[in-house]
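The values are calculated or read from the model by the stated rules, or taken from the named source; none is laboratory data. Computed from a predicted model, the values in this text were never measured in an experiment. FYI the Cβ positions are ideal-geometry reconstructions off the backbone, even for glycines, and counts take in every protein chain you see.
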Amino acid sequence: MLTEKILFYVFAAILIFAASMVVTVRHSVRAALFLVLAFFTAAGLWLMLHAEFLAIVLVLVYVGAVMVLFLFVVMSVDLDQGRLREGFGRHMPVGLLVAGVVIAEMVSILSIDQLAIVAPESATVAVNNVEAVGQLLYRQYIYPVEIASVILLVGIIAAISMTLRGRRQSRYIAPAEQLAANKRDRLRVVDLREPASTDSSAESKGDDN
Amino acid sequence: MEFSTQELIPVLPEITLLVMASVVLLVDLFAPGKERVGTYTTSMLALALTALVSVYSYQGEQLVFAGHHQSDGLSLVLKLAMVIAVAVVFLYGRGYLAVRGLLNGEFFTLSLFGLLGMMIIASAGSLLSLYLGLETLSLSLYALVGFDRRSVASSEAAIKYFILGALASGVLLYGISILYGVTGTIQTAAMQMEIQAVLTSAGQYQMLLGLGVVFVVVGAAFKLGAAPFHMWLPDIYEGSPTAVTNYLGTASKLAAIALVLRLFADVLQPLIHQWQPMLMLLAVASLAVGNIIAIAQTNFKRMLAYSAISHMGFVLLGVLVGTGAGYSASLFYMITYAITGLAAFGLIMLLSRLGFEAENLVDFKGLAQRSPLMGLVVLLVMFSMAGVPPTVGFFAKLAVIDAVIEQGFAWIAVVAVLFSVIGAFYYLRVVKLVFFDGVEDPSPLVSSWDERFVLVLNGLFVLVLGLFPGKLLEICNQVFTGL
């Protein structure tokens, strides 16, 4: 019990720290990385509530896919930090006012008696929720799941057929065409002599082509 | 619930098609070539197998996979019609696309996966599988419409279709989720009973049900292409390659009627007093918009698009009646419209050649002198669309109007007939161009014998079905005798 408590406080502290760093840190890539940290610790908290499926999905989907995509976007977009912080002082009073209102709202809602907050109980050990979700998905909903997989396949085919443009962009040499080249097709001999001129100087033959 | 292999039998048509579509995908990889003989043959084989399996695996009404898959008479009839329609689309489209260098394997694979989506809609036992089937079909269609990447019109049509289609899917899904929220179940049969219970209990959820119905009606009308949600139709018909327009205008319309019948005849039947006026509005608006704007068209494909809108009006008329007779009339109407539409788009493709698209009305001038058989096909198709006996279009309109009058909506029948008379003008104008105008473009018609043979057969089928409509009408009636 004690280790659980210690673990909870450690996770909670890191979570709050990471979450506050997300909004305060200056560099957007670091902010995204702190968000990843926040997700990991939140997954840890869920794991302690025996919600292991949610925890795994949070890590797999949010950390593994969404945040990686997000990092790509953040890294490839050139953000002008200076312009983002422009007018910070000017917007500060409005921001503080909105923040104050939101805090007041949350306090008033959370202090209502009906919403007596009880500590979330961990799920009973007998029910394995990965198994429960799996049972539902692969028994009762197996037909829709299969159709969804077909939709993904159709999506892949559609995306490829819409974007694959063959090898049009690669530069290549057609040997047959090269061999078939004729001097007459490429070379035009221009007579540069003056029409009435008697002086027949060396004519240009332009063989250097 | 324990799974038994018996449950797989009703789903065999879908499984066969999925496996065969994947085989086509692989065959196309190893059998290239401009004519795509291997891909084409395998695709046709896939369709034949699917049709056979559909017939032989049918064991009466069955609900499997926890109620997500439902096989009944409606699903069987629609599946067979869809498979045949796609086969004819492939037949007409192959030569047309090959000449233009557009014949990729993706045309076949995406069409087959789209067909799979249609079949899933046709035998959807829950709104979840209905929606997923719709998405499978739509995703294939978006890619097919934008298939000709060199054409700006094709890409524009694809983008328009994608945005509007995604919006419509979202609206439909929102309606479905409201219905799910009220009833707490997604299976059609259970949902119908829950809706009944909510209606009798006089609780506060009735208005919420109404809201859900509004969203479902709007989403379905978008997919069907009924006015005032028809804006996407003409541009997409005109912009996409004609082989794809053929697919879009015939096979996917069968999926649309499947969607509408599964939604309104199954799930929302208890709420008929709510959706009946909405469909009435849609039907009358479609008849008016489709028939009047079609008169002003000079492009044959656009004219067919507006004509499709007016035909959707007729289909909705049959649905809004809310009786078995009305539903079966709508089903009959849609199947015969698909047969007629196949011939109409087939004509455009067979009259076209490389660098020339016979899509303008003037291109049909004097066709009867260039090729009397083609002229005959135009005559039959246009008469059927206008509803002139003895072609099948007459009996389709007759069945719908009969069902409408039976339920006491005489004024709607009068409106429908009036707009049909207006519509007859632009259909007969095409006949006039073909038979009574001089030839403007004397170049010979190039098309392969099998395409011409099937087109003439297709045209004659419109006539034969008109002379002997009894069998198909009987089948359509049997589907709904349970209601």
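See the values below:
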{"item": "Elements of type helices (runs of 4 or more DSSP H) in region B:214-301, at least 2 residues being more than 16 Å from residue B:322 (Cα to Cα) and among the hydroxyl-bearing types (Ser, Thr, Tyr)", "result": "B:242-246"}
{"item": "Qualifying residue in region B:424-432 (condition: part of a helix (DSSP H, G or I), hydrophobic (A, V, I, L, M, F, W, C), loosely packed, with under 14 Cβ neighbours inside 10 Å and at pLDDT 90 or above)", "result": "yes"}
{"item": "Of all residues in region B:1-13 being surrounded by fewer than 19 Cβ atoms within 10 Å (Cβ to Cβ) and in a helix (DSSP H, G or I), the one that is modelled with the highest pLDDT", "result": "B:12"}
{"item": "Among residues of region B:118-129, those that are in a helix (DSSP H, G or I), within 12 Å of chain A (Cβ to nearest Cβ) and under 16 Å from the mean Cα position of the chain (by Cα), counted", "result": "3"}
{"item": "Flag for residue B:38 being more than 30 Å from residue B:349 (Cα to Cα), away from chain A (no Cβ under 12 Å) and either at pLDDT below 95 or in a loop (DSSP other than H, G, I, E, B) (or both)", "result": "no"}
{"item": "Residue selected from region B:329-345 under the condition over 16 Å from residue B:74 (Cβ atoms) and polar (S, T, N, Q), by the criterion surrounded by the most Cβ atoms within 10 Å (Cβ to Cβ)", "result": "B:336"}
{"item": "Residue B:137 crowded, with 24+ Cβ neighbours inside 10 Å, of a type in the set (A, V, I, L, M, F, W, C) and either at the interface with chain A (Cβ under 10 Å from one of its Cβ atoms) or in contact with a Pro (Cβ under 8 Å, 6 or more places away or on another chain) (or both)", "result": "yes"}
{"item": "Matching entry among B:132, B:144, B:97, B:115 (being closer than 26 Å to residue B:32 by Cα, in a helix (DSSP H, G or I) and within 11 Å of chain A (Cβ to nearest Cβ))", "result": "B:144"}
{"item": "From B:39, B:16, residue being buried (at least 18 other Cβ atoms within 10 Å of the Cβ), within 26 Å of residue B:262 (Cβ to Cβ) and touching a residue at least 24 places away in the same chain (Cβ under 8 Å)", "result": "B:16"}
{"item": "Helices (runs of 4 or more DSSP H) contained in region A:105-209 and holding at least 2 residues at pLDDT below 65 and of a type in the set (D, E, K, R)", "result": "none"}
{"item": "First in region B:450-461 and more than 16 Å from residue B:348 (Cα to Cα), second anywhere and of a type in the set (Val, Ile, Thr), Cβ under 8 Å, 6 or more apart", "result": "B:461/B:339"}
{"item": "Counted residues, region B:147-201 - those being among the aliphatic types (A, V, I, L, M), buried (at least 22 other Cβ atoms within 10 Å of the Cβ), within 14 Å of chain A (Cβ to nearest Cβ) and over 19 Å from residue B:110 (Cα atoms)", "result": "2"}
{"item": "Pair list, Cβ < 7 Å and 6+ apart or interchain, from region B:294-306 residues that are crowded, with 23+ Cβ neighbours inside 10 Å to residues that are in a strand (DSSP E or B)", "result": "B:300/B:360"}
{"item": "Residues satisfying the stated conditions in region B:53-70, i.e. farther than 17 Å from residue B:186 by Cα and either within 14 Å of another protein chain (Cβ to nearest Cβ) or surrounded by fewer than 19 Cβ atoms within 10 Å (Cβ to Cβ) (or both)", "result": "B:55, B:56, B:57, B:59, B:60, B:61, B:62"}
{"item": "Residue match in region B:355-373 (condition: more than 28 Å from residue B:94 (Cα to Cα) and in a helix (DSSP H, G or I))", "result": "no"}
{"item": "Search result, residues across region B:19-32 that are in contact (Cβ under 8 Å) with a residue 12 or more places away in the chain and more than 10 Å from every other protein chain (Cβ to nearest Cβ)", "result": "B:20, B:23, B:24, B:27, B:28, B:29"}
